Amino acid sequence: MTKIKNALVTGGAGFIGSNLVDALLEQGTHVKVLDNLSTGHIRNLDHVIADIQFIEGDIRDLATLENLAQGCDVVFQQAAVVSVPLTVEDPIFSAQVNDIGTLNVLDAAQKANVKRVVLASSCAVYGDDPALPKTDGMPIKPQTPYAIQKYTNELNAGIYASLYNLETVCLRYFNVFGPRQDPSSPYSGVISIFMNKALNKEKPVIFGDGTQFRDFVFVKDVVNANLLSAMAKTPENQVLNIGTGHSITVNDLWASISTLAGCSIEPQYELPRAGDIFGSLADISRAQEMINYNPTYAFDDGLQLTYEWYR
Ligand code: UD2
């Protein structure tokens, strides 16, 4: 596919989904958005609301999905219960959304003859396996309902590809950050929390000694990975890591954000968070090979853009 004419973005009012909507509109795609606004916000779409078809609704509603999938070349499945702790607290509700909801998306797409579905998966499927970097071929070890649900999505995507001829690409996102990430929950991404703390001149909490590290990927690179996945020739059913191949410690992260904000506040160190993994780092070579994915935002540049947005 050289150009996406019609796309449906589920979860399109969320952090990653709304950034994806912007990029699709920029390339002239007609965009439909389905979002139940449970964690997404209509303010993320205010600037484009006249240019899209927005439907407030839920991926648990198969009939709505069947209707919206009509006429689409690609469906981007970005809707989910995204809080890992919430899936631990309520595995059944989260499975209804993340498992059945995603199955609904695949089924509606297949019935409407959509060519390809790009799905948001997560590096959570690797669990706490200390082997680094994470290669997309290594054994998976889901340790939370969230990780199991994301892995189930990948398996279902594979089934729809092999049994029903629907092309699917699952993207295992590493730690995504950038404009519109919501800092309001204690389980929000660490960058969004630290941005808020720095701007309000408050002490951040670092769980553990701060030497733990993550592969932080800027949202615009993740958006680009979605577009490439939708248009690449090769994949029929792919599972790809989407990170950067570089990692940053939590201590260095706070130091960089402090420099941007011009503050020098000593963090408060607390015990490591239960269930936290120590380090995470992506091997992105398969994504490079299969969809020609190459992150273009250096960490500091992404952080600067993110800082400007929070400010
Ligand atoms: C990420 C994903 C999660 C899941 C998981 C799989 C995000 C936001 N979450 O969780 O959905 O895929 O990976 O492994 O991308 N930290 C602090 N202080 C704070 C907040 C966090 O020190 O105020 C630390 C935290 O203990 C951890 C690191 O920062 O060591 C990153 O935390 P996170 O919640 O941003 O992301 P993570 O990797 O736990």
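The values are calculated or read from the model by the stated rules, or taken from the named source; none is laboratory data. The model shown is predicted, which means the values in this text are computed figures rather than measured ones. Cβ: placed from backbone, ideal geometry, glycine included. Neighbour counts: every protein chain shown. The protein model used for the area step is the full one, side chains on, heavy atoms only, and it has no ligands, DNA or RNA in it. Shrake-Rupley method; radii C 1.70, N 1.55, O 1.52, S 1.80 Å.
In region 154-171 there is at least one residue that is within 15 Å of the ligand (Cβ to nearest atom), under 25 Å from PRO295 (Cβ atoms), assigned to a helix (DSSP H, G or I) and at pLDDT 95 or above.
Could you tell me whether region 268-283 includes any residue that is part of a helix (DSSP H, G or I), farther than 26 Å from GLY137 by Cβ and among the aliphatic types (A, V, I, L, M)? Among the residues of region 268-283, not one is part of a helix (DSSP H, G or I), farther than 26 Å from GLY137 by Cβ and among the aliphatic types (A, V, I, L, M), which makes the answer no. Of all residues in region 69-122, those satisfying the criterion of being assigned to a strand (DSSP E or B) and in contact (Cβ under 8 Å) with a residue 60 or more places away in the chain are VAL74, VAL75, PHE76, GLN77, ARG116, VAL118, ALA120, SER121.
Working only within region 263-295, note down all residues that are on the phi > 0 side of the Ramachandran plot and either modelled with pLDDT under 95 or basic (Lys, Arg) (or both). Of everything in region 263-295, just one residue is on the phi > 0 side of the Ramachandran plot and either modelled with pLDDT under 95 or basic (Lys, Arg) (or both), namely GLY275. Within region 11-31, residues that are more than 16 Å from VAL117 (Cα to Cα) and aliphatic (A, V, I, L, M) sit with their Cβ atoms under 9 Å from residues that are part of a helix (DSSP H, G or I) and open to solvent by 30 Å² or more (accessible area, probe 1.4 Å), at 6+ positions apart or across chains, in these pairs: ALA13/ILE42; ALA13/ARG43; ALA23/LYS220; ALA23/ASN224; LEU25/ASP51. Can you find, within region 204-250, the residue that is nearest to ASP300 (Cα to Cα) among those that are near the ligand (Cβ under 9 Å from one of its atoms) and open to solvent by 10 Å² or more (accessible area, probe 1.4 Å)? Checking each candidate, the answer is PHE216.
You will find that of LEU86, LEU119, the residue that is surrounded by 23 or more Cβ atoms within 10 Å (Cβ to Cβ) and of a type outside the set (D, E, K, R) is LEU119 and no other. When LEU199 is tested against (1) more than 8 Å from the ligand (Cβ to nearest atom); (2) in contact with a strand residue (DSSP E or B) (Cβ under 9 Å, 6 or more places away or on another chain), just one condition goes unmet, and that condition is (2). How about region 63-82: which of its residues are out of contact with any strand residue (DSSP E or B) (no Cβ under 6 Å at 6 or more places or on another chain) and open to solvent by 10 Å² or more (accessible area, probe 1.4 Å)? ALA63, THR64, GLU66, ASN67, GLN70, ALA80, VAL81, VAL82 - these are the residues of region 63-82 that are out of contact with any strand residue (DSSP E or B) (no Cβ under 6 Å at 6 or more places or on another chain) and open to solvent by 10 Å² or more (accessible area, probe 1.4 Å). For ARG60, the conditions (1) open to solvent by 20 Å² or more (accessible area, probe 1.4 Å); (2) outside any loop (DSSP other than H, G, I, E, B); (3) not small (Gly, Ala, Ser) are fulfilled apart from (2). Once region 178-191 is narrowed to residues that are within 8 Å of the ligand (Cβ to nearest atom) and within 28 Å of VAL117 (Cβ to Cβ), the residue that is most open to solvent (accessible area, probe 1.4 Å) is TYR187.
Considered as a group, the residues in region 284-308 that are free of Cβ contacts under 8 Å to residues at least 40 places away in the same chain and part of a loop (DSSP other than H, G, I, E, B) include one that is most open to solvent (accessible area, probe 1.4 Å), and that residue is ASN294. Looking only at region 251-286, residues that are closer than 30 Å to GLN238 by Cα and not polar (S, T, N, Q) come to 10 in all. Would you confirm whether any residue within region 122-139 is open to solvent by 20 Å² or more (accessible area, probe 1.4 Å) and closer than 21 Å to ASP61 by Cβ? No, region 122-139 has no match at all. Among the residues of region 1-51, those identified as assigned to a loop (DSSP other than H, G, I, E, B) and crowded, with 19+ Cβ neighbours inside 10 Å are ILE4, GLY11, GLY12, ALA13, GLY14, THR29, ASN36, THR39, GLY40, LEU45. Kindly list the number of the only condition in (1) surrounded by fewer than 17 Cβ atoms within 10 Å (Cβ to Cβ); (2) closer than 16 Å to PRO179 by Cβ that fails for THR259. Checking THR259 against (1) surrounded by fewer than 17 Cβ atoms within 10 Å (Cβ to Cβ); (2) closer than 16 Å to PRO179 by Cβ, the one that fails is (2).
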